[in-house]
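**Student:** First the structure, which I've put down as structure tokens, then a few questions once you've had a look.
No value in this document is a laboratory result; all are computed from the given coordinates. Note that the coordinates shown come from a computational prediction; the quantities given were computed from them, not determined experimentally. Cβ sites come from the backbone with ideal geometry, for glycine too, and all protein chains shown count toward neighbours.
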Amino acid sequence: MMRRIDRILALGLSLALLCAVQPALAAPIPSEPEDEAPTGRASDEAVVKDVLIQEQVADALASFGLTNDEVESRLAKLSDEDLRHLASNLEQIQAAGEEVPEYIWWLAGGLLAVLILVAIF
């Protein structure tokens, strides 16, 4: 009787393991993405120059006393790594720091609300 239970248990466990194992279904991955934009110094310079031609950025640079020629010469002096870093992080740079981050307004509003509640009670 025990032998029969052992065989049934072994058969059930084997079937459970076989059913649990799924075949690996993977598609081949190309070695180079086809739709990726070309990278290199020229493309990084193009990205940076697209930002530099914006009026707000040009005004901010002019307020620091930089002419277009000086900006161009400084860009030419950047290493490839520095230029790539600048081009990839342009969206994080604020033009002349004129824009106040949204969280500052939330903090100021919260502080004002707390001060009003303290004054009332």
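**Student:** Could you give each residue of the stretch 58-63 its phi-based ³J(HN,Hα) in whole Hz, using Karplus coefficients 6.51, -1.76, 1.60 with θ = phi - 60°, and x for Gly or Pro?
**Tutor:** Residue by residue, the stretch 58-63 yields 4, 5, 5, 5, 5, 5 Hz.
**Student:** If you don't mind, another one. Starting with the highest mean, order 48-61, 104-117 by the number of other Cβ atoms within 10 Å, averaged over the residues of each peptide. Could you put the intermediate results ahead of the total?
**Tutor:** Working: 48-61: 13.4, 104-117: 10.0.
Taking the mean over residues of other Cβ atoms within 10 Å, the ranking is 48-61, 104-117.
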